[in-house]
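We did not get these values from a lab; they are worked out from the coordinates using the rules stated. The model shown is predicted, which means the values in this text are computed figures rather than measured ones. Cβ coordinates were reconstructed from backbone atoms using ideal geometry, including for glycine residues, and neighbour counts include every protein chain displayed.
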Amino acid sequence: MAGEERWLDKTVRRVRAFAYEPKTEPPVLPAPRPKIGLALGGGFARGIAHIGVLRVFEENQIPIDYLAGTSVGALIAAGYAGGSTLEEMEQVGLATRFKDFAEWTVSWQGLASDTRLQRYLRRLTPMRWFEELRIPLAIVATDILTAEAASFTKGDIGSALCASCAYPGLFRPVERDGRLLVDGFLAAPVPTEAARNLGADFVVAVNLASLSKDERPTNLFEIISRSFSILMNYTEMNWRPAADVVIEPDVTEFRWDDFPRTPELIAAGERATRQALPRILDALHRAERVREPAPAPAEPEPTGDGSRSSERES
């Protein structure tokens, strides 16, 4: 009997110790970081301003999980996703001239072929396939038959880039996957939807609005370029709703072929991004705010005999 009493006494003490043991709160876990997508719009030489945007992102250690690009935005995005440094891209921009992109030809579809553009891409990255890139990328063109945006995320980068840059009337359309494709500027001037479709939770759009009332076109290309800018002003409602923050570098003073002014274009991108930085960081901070744990269910009060009481008696 003595042994049984000792066993019973020890059991009661253990039950009481368990009942009065302080309960540890579940750890407070930070909310998962939102996936950030950067959508880079078109604008020919003005697209060099995108380098300035990327530089400010790097300086402030803002990660880029996804990239989407239209026209020159696709070229800059492909170079960056392919591992090119911003310094290398700046040097390439300084040395660039229009002849590096276009090879004049006689065709009812356009005045130039895209052969040189494919070679130009190799100055920025040796990567040939989307699957090789260090950052997931979407390149957006326009299906001229369906009038819809065509987004490319797999396969050959070069043909997708040529399609995205196939300026109607200047470059010949590109055929890929049974589709006839021209510049993505028509259907997706800033490819915010493409960035969302890649998986971005938070999209920063870069819009290179360049319509200056003081600039009078002097040749066919400038007339076409200005017409595209007018069109873009009326299609903003298609891409803005998918953007969380819009960066708009002031590039109105730059011409479509102002490659020698690369440092100034980069500076314009940096200024606009630094102005938008408080909005970007504030939005990201709110998204990353610590998540409160769910309240634990209330424990019943222990009774004197070591059992636990309940408000409801059976």
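How do 57-64, 164-171 rank on mean C-beta neighbours within 10 Å, highest first? Could you put the intermediate results ahead of the total?
Values: 57-64: 13.8, 164-171: 23.2.
Final packing ranking: 164-171, 57-64.
If I take R0 = 35 Å and measure r between the Cβ atoms of Gln109 and Thr252 in this structure, what FRET efficiency does the formula 1/(1 + (r/R0)^6) give, to the nearest 0.05?
Details: r = 31 Å, r/R0 = 0.89.
The calculated FRET efficiency here is 0.65.
Among 136-142, 273-279, how do they line up from the highest to the lowest mean number of other beta-carbon atoms within 10 Å? Spell out each step's value before the answer.
Details: 136-142: 27.7, 273-279: 16.1.
Packing order, densest peptide first, comes out as 136-142, 273-279.
Each residue of region 132-143 in turn: what ³J(HN,Hα) in whole Hz from Karplus with 6.51, -1.76, 1.60 and θ = phi - 60°, glycine and Pro shown as x?
8, 5, 7, 10, x, 10, 10, 10, 10, 10, 10, 6
Using θ = phi - 60° and the Karplus curve 6.51 cos²θ - 1.76 cosθ + 1.60, what whole-Hz ³J(HN,Hα) does each residue of region 43-57 get, with Gly and Pro shown as x?
Whole-Hz 3J(HN,Hα) from phi for region 43-57: x, 6, 4, 4, x, 4, 4, 4, 4, x, 4, 4, 5, 5, 4.
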